[in-house]
Amino acid sequence: MASVMLVPKAALTVGGELKHYEVKGDSGNVVRRGFCPTCGSPILSLLPAMPDFVALKAGSLDDPALFKPMMQVFMKSAPPWAPVHEHLPKFDKQPS
C-alpha cells in the first residue's frame, strides 16, 4: 500500500541520486521505482503509461500533510485491514 501523488516530471527536484529497480506492472509495462540509496526509503515510481509525470510517495515529502487523497485504486487486492475512505472514488485497478 502506498500513498502517491502525481507530479509533473519537469516540476520535481530530488536532492541527491536515487537507486532504482524495475518491476513488471499489471499492464505488462516496466515500472521503475526509486529509493534513497542510504536508508532504502521509497521515493518515487516512473510509469511508462504517464511519461511526463512521477508518482511521488507522499511519505517522502518534507510535509506529508500536504498530500490530499483523491481516489483509492487497486481495491480488489486491498487486504481486509486496509483503511477505506468511503467519500473517495474507488477503483479495482488503475483507471485508464
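Could we say that Val31 is of a type in the set (Val, Ile, Thr), assigned to a loop (DSSP other than H, G, I, E, B) and either modelled with pLDDT of 90 or more or over 12 Å from the mean Cα position of the chain (by Cα) (or both) here? Full working, then the answer.
Working: of a type in the set (Val, Ile, Thr): yes; assigned to a loop (DSSP other than H, G, I, E, B): no; either modelled with pLDDT of 90 or more or over 12 Å from the mean Cα position of the chain (by Cα) (or both): yes.
Criteria not met by Val31.
Cβ-Cβ below 9 Å, separation at least six or inter-chain, first residue in the range 17-34 and over 17 Å from Phe53 (Cα atoms), second loosely packed, with under 10 Cβ neighbours inside 10 Å: which pairs?
As it stands, the answer is Lys19/Gly40, since those pairs meet every condition given.
Looking at the range 24-52, which of its residues are surrounded by 13 or more Cβ atoms within 10 Å (Cβ to Cβ) and basic (Lys, Arg)?
If the condition is that a residue be surrounded by 13 or more Cβ atoms within 10 Å (Cβ to Cβ) and basic (Lys, Arg), then Arg32, Arg33 are the ones that fit.
In the range 53-66, how many are surrounded by 10 or more Cβ atoms within 10 Å (Cβ to Cβ) and more than 12 Å from the chain's Cα centre (by Cα)?
So in the range 53-66, the residues surrounded by 10 or more Cβ atoms within 10 Å (Cβ to Cβ) come out as 53-61, 64.
If we keep only those that are more than 12 Å from the chain's Cα centre (by Cα) as well, we get 61, 64.
Total satisfying the criteria: 2.
For the range 50-96, how many residues are closer than 20 Å to Val30 by Cα, touching a residue at least 24 places away in the same chain (Cβ under 8 Å) and either assigned to a strand (DSSP E or B) or not basic (Lys, Arg) (or both)?
Of the residues in that region, 10 qualify.
Can you name the condition, by its number, that Tyr21 falls short on among (1) part of a strand (DSSP E or B); (2) of a type outside the set (D, E, K, R); (3) surrounded by 10 or more Cβ atoms within 10 Å (Cβ to Cβ)?
In the conditions (1) part of a strand (DSSP E or B); (2) of a type outside the set (D, E, K, R); (3) surrounded by 10 or more Cβ atoms within 10 Å (Cβ to Cβ), Tyr21 misses (3) alone.
Looking only at residues in the range 2-18 that are surrounded by 10 or more Cβ atoms within 10 Å (Cβ to Cβ) and in a loop (DSSP other than H, G, I, E, B), which one is modelled with the highest pLDDT?
Residue satisfying both the conditions and the ranking: Leu18.
The values are calculated or read from the model by the stated rules, or taken from the named source; none is laboratory data. Quantities reported herein were computed from a predicted structural model and do not represent experimental measurements. Don't worry about glycine lacking a Cβ; one is built from the backbone with ideal geometry, like all the others, and counts go over all protein chains shown.
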